[in-house]
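Following: one structure in structure tokens, then a few remarks.
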Ligand SMILES: [Zn+2]
Ligand SMILES: [Zn+2]
Ligand SMILES: [Zn+2]
């Protein structure tokens, strides 16, 4: 496994790399930059940008990305980490390989400036003003072609390091479980649920995007999304009057012309191809009428994603029909905000509290992915807005 960390000045790349080295037996590798180092990174207030102290092992420094890749390819079961994600070429080359994970680290510019100041102070250097740092940061991130911003957006895991909490650093990174192989290759559940999500994007129903995938022996039998029947105008083009009115969800269902995603998937597959052992993946929990049809055709298991809309009547149908119903929540993608603290207590497990319990479990799952670190351990961060800051904000 090779983890590439990219992020702005003082975002926290080296802190994470060091954590991976200390706790998960990663080895740090270095990649020389082929382009000249932009002036923005050479200086801050005309002083050398101080980088975190790192032991640059000569044998793990590579002159170009292909040589680095060849080295890791032969040793991909070992754990490697680099913060030298310089440009699109490096990212393009590494992302083709199944053992590479790109992780971006971002943090508010004011916090990064404080870290930078602390780093300068520890080396007796004159730190830049916030305004200078902002300009240099903008150039670093947004200069056309050489700017880092396009690389951050390609990361598979995106971390927002806005926390100033020191104590949760190691614990939170442990909960994040960055080296988990599932991050490199999705599990079957994740794979089929992502296919259902993709199907949902084809939905034309004005009420809700729903996608569904029918699977037997890990093979897709059919897919479906909701919308008006074949030959009719699409729902979003006015095909279903009920969906296009602003009626509340669950009312006037008898006048709706849209087929549900599950119905479309069942019709597409046909009774013959659905046998014992088939699983239905859906990005929402099936409704009552769909659950009746799902039970009748002999589906063995229903896996749903969004817990919020769990239909208790549908759950009863599945239970009495012998259909196993379970929830699968894929690992969070998008930006993981590391400043959100996990909940402290969770005691009410009564059936009446089902909704809350599901929400809490969802939240706990999310909380497991929380993380926090702080670059200048031991140096408290005190943010003092510069003069005129309030006026600018207003
Ligand atoms: Zn509709
Ligand atoms: Zn409708
Ligand atoms: Zn339905």
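The values are calculated or read from the model by the stated rules, or taken from the named source; none is laboratory data. Quick caveat: nothing in here was measured; it's all calculated off a predicted structure. No Cβ is skipped: glycine too gets one built from the backbone with ideal geometry, and neighbour counts run over all protein chains shown.
Within segment 233-249, the set of residues being within 16 Å of ligand 3 (Cβ to nearest atom) and either surrounded by 12 or more Cβ atoms within 10 Å (Cβ to Cβ) or in a helix (DSSP H, G or I) (or both) comprises 235, 240, 242, 243. The single condition among (1) within 16 Å of ligand 1 (Cβ to nearest atom); (2) at pLDDT 95 or above that residue 323 does not meet is (1). When residue 262 is tested against (1) under 32 Å from the mean Cα position of the chain (by Cα); (2) in contact (Cβ under 8 Å) with a residue 40 or more places away in the chain; (3) not in a helix (DSSP H, G or I), only condition (3) is not met. Within segment 190-211, residues that are farther than 16 Å from residue 306 by Cβ and touching a residue at least 24 places away in the same chain (Cβ under 8 Å) sit with their Cβ atoms under 8 Å from residues that are within 16 Å of ligand 1 (Cβ to nearest atom) and assigned to a helix (DSSP H, G or I), at 6+ positions apart or across chains, in these pairs: 204/235; 204/236; 204/237; 206/235; 206/236; 206/243; 206/244.
Pairing residues of segment 224-243 that are in contact (Cβ under 8 Å) with a residue 24 or more places away in the chain and within 23 Å of residue 213 (Cα to Cα) with residues that are away from ligand 2 (no atom under 11 Å from the Cβ) and part of a strand (DSSP E or B), at Cβ distances under 6 Å and at least 6 apart in sequence or on separate chains, gives 224/212; 225/211. Close contacts from segment 75-98, counting a first residue that is touching a residue at least 12 places away in the same chain (Cβ under 8 Å) and a second that is assigned to a loop (DSSP other than H, G, I, E, B) and buried (at least 17 other Cβ atoms within 10 Å of the Cβ), with Cβ to Cβ under 6 Å and a gap of 6+ residues or different chains, come to 76/99; 79/1; 79/26; 80/29; 81/26; 82/29.
Residue 208 passes every criterion in (1) more than 24 Å from residue 102 (Cβ to Cβ); (2) part of a helix (DSSP H, G or I); (3) modelled with pLDDT under 95 apart from (2).
Just to verify a result, which residue in segment 115-126, among those that are in contact (Cβ under 8 Å) with a residue 40 or more places away in the chain and farther than 21 Å from residue 15 by Cα, is surrounded by the fewest Cβ atoms within 10 Å (Cβ to Cβ)? Applying the filter and picking the extreme gives 126.
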